[in-house]
Amino acid sequence: MPKLTDQELHNLAMNIVGKQLEEDGFEFLGVSSEFKKDPQFVALKNKKLHFVIVRAIEYPHDPKEIPYIFLETIKEHAKKFNARTFYAGVGLANSRDYELPVDSSDDYVVNYAGLQEI
């Protein structure tokens, strides 16, 4: 079966994070679902600006491991807007066999612990 592309995995992660942000009362000011165009979400909550960077992380990589090197640029950008910056790593794995890629014919398992402030 066709393995999901990086953009399709990214869209899946975006949907998971977007739904959580909505449930948590965030108001979206901007959304970019373009792969690796950061931040993916610019949102308001309690009158405070939030930048959220979303990454789809395929098994066996750890979705909680924050890639600080590239995030420093985003954090500096956020400071100019007095915004809080968050990382949302969404772990995805094929539910039938974690060693197989995530594809369109199998269910998938999500490992998402929520937003991590950076």
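Just so it is clear, none of the values below were taken in a lab; they were calculated from the coordinates. As the structure is a prediction and not an experimental result, all values here were calculated from the model. Cβ: placed from backbone, ideal geometry, glycine included. Neighbour counts: every protein chain shown.
Considering only the stretch 79-115, how many residues are loosely packed, with under 15 Cβ neighbours inside 10 Å, touching a residue at least 24 places away in the same chain (Cβ under 8 Å) and farther than 19 Å from Glu8 by Cα?
4
Quick check, is Asp106 acidic (Asp, Glu), closer than 19 Å to Thr5 by Cβ and in a loop (DSSP other than H, G, I, E, B)?
The answer is yes for Asp106.
Can you name every residue in the stretch 16-62 that is assigned to a helix (DSSP H, G or I) and either surrounded by fewer than 13 Cβ atoms within 10 Å (Cβ to Cβ) or hydrophobic (A, V, I, L, M, F, W, C) (or both)?
Scanning the stretch 16-62 gives Ile16, Val17, Lys19, Leu21, Glu22, Glu23.
Can you name the condition, by its number, that Glu65 falls short on among (1) outside any helix (DSSP H, G or I); (2) farther than 25 Å from Asp103 by Cβ?
Going through the list (1) outside any helix (DSSP H, G or I); (2) farther than 25 Å from Asp103 by Cβ, Glu65 breaks only (2).
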